[in-house]
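Novice: My questions all concern the structure below.
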Amino acid sequence: MTVLLVALGAAVGAPLRYLTDRAVQARFGAAFPWGTLTVNMAGSLVLGAVVGLPAGPAVTALVGTGFCGALTTWSTLSYETLRLAREGGRLPALLNVLGSVAAGLAAATAGYALARALG
Amino acid sequence: MDPDVDLRVPRDRRELAAHPVAVLGAIAAGGVLGALGRAGLQAAFPHAPAAFPWATFGINLTGCLLIGALMAVLRARGGGPPLARPFLGVGVLGGFTTFSTYAVDIHQALVAGAPGTALAYLAATVVGALLAVWAGDALAGRLLVRGSR
């Protein structure tokens with residue numbers, strides 16, 4: 001059952017990362033990876049809430065492990081940082097990776113606090 | 001080129017309109033495989049909130065190493081087969097690695113009163129991920145050069 005829920009969440013999360021990245025790039029350009037920052041923040045916010053509730057094992061598998069896990073990514077973040085370092089220099093690359101970590105941590109904290117306050 | 005999508009690349013820009021079912025299906029299928037691999041490893045190597053999340057750490061660094069290698073190979077082959085990047089890059093490796101669990105585990109370590117673990121995990125993943133993607137790219141690039149001689 002858990003396997004099925006993780007699979008279902010991931011089958012939605014991974015395509016949604018791709019579609020979000022396309023939409024964000026169409027609006028804000030592809031020079032800086034705003035799309036990956038967007039999905040990583042959104043996924044951290046939602047997972048923070050899932051942990052803060054705390055949600056049961058089924059919701060955690062579906063929404064947490066499956067959906068949020070597949071929506072967010074370290075592989076794309078690291079590759080885009082490498083590409084920024086080669087194309088634009090060290091400052092944009094550092095801003096991307098450190099800004100992502102700071103924003104993701106803030107989003108996770110906000111999601112957790114919101115769920116605690118409402119739950 | 002980008003592991004997810006780069007709208008400056010004509011092939012990336014056109015792929016969704018040209019083959020929406022194949023592209024989104026490949027991403028979903030790859031994402032499921034990657035996520036199940038991640039879930040299996042995390043279940044096999046669980047960690048307490050105040051302890052270092054070794055499973056997710058290893059998953060993310062491995063995924064970064066592999067994306068560096070994959071993108072070097074695809075770049076050398078003019079992008080490779082049309083569904084290779086959607087399936088392997090967006091799907092499998094994007095679904096295998098996770099940023100949300102990384103961020104939440106740092107927060108959970110802080111909540112559990114282990115700021116040292118939180119900071120060590122935060123920094124080790126950033127440094128490790130960047131070294132891994134660079135190493136994957138460099139190693140694959142070197143093998144490709146050797147293979148073409």
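Novice: Which of the residues belonging to segment A:96-112 are in contact with a helix residue (DSSP H, G or I) (Cβ under 9 Å, 6 or more places away or on another chain) and either among the hydroxyl-bearing types (Ser, Thr, Tyr) or surrounded by fewer than 15 Cβ atoms within 10 Å (Cβ to Cβ) (or both)?
Specialist: A:Leu98, A:Gly99, A:Ser100, A:Thr109, A:Tyr112
Conditions (1) more than 9 Å from chain A (Cβ to nearest Cβ); (2) part of a loop (DSSP other than H, G, I, E, B); (3) open to solvent by 30 Å² or more (accessible area, probe 1.4 Å), marked per residue:
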site: B:Arg85; (1), (2), (3): yes, no, no
site: B:His107; (1), (2), (3): no, no, no
site: B:Gly113; (1), (2), (3): yes, yes, yes
site: B:Ala124; (1), (2), (3): yes, no, yes
site: B:Leu131; (1), (2), (3): yes, no, yes
site: B:Ala135; (1), (2), (3): yes, no, no
site: B:Ala138; (1), (2), (3): yes, no, yes
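Novice: Let me ask another. Residue pairs, Cβ under 6 Å, 6 or more apart or interchain, first in segment B:1-21 and open to solvent by 10 Å² or more (accessible area, probe 1.4 Å), second among the β-branched types (Val, Ile, Thr) and part of a helix (DSSP H, G or I). List them.
Specialist: B:Glu15/B:Val23; B:Leu16/B:Val23
Novice: A further question on this structure: Taking the options B:Thr56, B:Thr101, B:Thr97, B:Thr62, name whichever one is on the phi < 0 side of the Ramachandran plot and touching a His at 6+ places or on another chain (Cβ under 9 Å).
Specialist: Just one listed residue meets the conditions, B:Thr56.
Novice: Name the one entry in A:Leu95, A:Leu47, A:Leu105 that is more than 9 Å from every other protein chain (Cβ to nearest Cβ), part of a helix (DSSP H, G or I) and at pLDDT 95 or above. I'd like the intermediate steps shown before the answer.
Specialist: Details: A:Leu47 fails: more than 9 Å from every other protein chain (Cβ to nearest Cβ); A:Leu105 fails: more than 9 Å from every other protein chain (Cβ to nearest Cβ).
The unique qualifying residue is A:Leu95.
Novice: Scan (1) more than 9 Å from chain A (Cβ to nearest Cβ); (2) within 29 Å of A:Thr20 (Cα to Cα) for the single condition B:Gln42 breaks and write down its number.
Specialist: Looking at each condition in turn, B:Gln42 falls short on (1).
Novice: Every residue in segment A:52-72 that is more than 9 Å from chain B (Cβ to nearest Cβ) and not in a helix (DSSP H, G or I), please.
Specialist: Scanning segment A:52-72 gives A:Leu53, A:Pro54, A:Ala55, A:Gly56.
Novice: Can you tell me which condition B:Ala48 does not meet? The list is (1) over 20 Å from the mean Cα position of the chain (by Cα); (2) at the interface with chain A (Cβ under 8 Å from one of its Cβ atoms); (3) open to solvent by 40 Å² or more (accessible area, probe 1.4 Å), and all the others hold.
Specialist: (2)
Novice: Here's a check for you: in segment A:1-42, which residue that is among the hydroxyl-bearing types (Ser, Thr, Tyr) and either under 18 Å from the mean Cα position of the chain (by Cα) or more than 27 Å from A:Pro57 (Cα to Cα) (or both) is most open to solvent (accessible area, probe 1.4 Å)?
Specialist: The selected residue is A:Thr38.
The values are calculated or read from the model by the stated rules, or taken from the named source; none is laboratory data. Keep in mind that what you see is a predicted model, and the values were worked out from it rather than measured. Quick reminder, even Gly has a Cβ in these numbers, built from the backbone with ideal geometry, and neighbours come from all protein chains shown. For the accessible areas, the whole protein counts, side chains as well, though only heavy atoms, and no ligand, DNA or RNA atoms are used. Shrake-Rupley method; radii C 1.70, N 1.55, O 1.52, S 1.80 Å.
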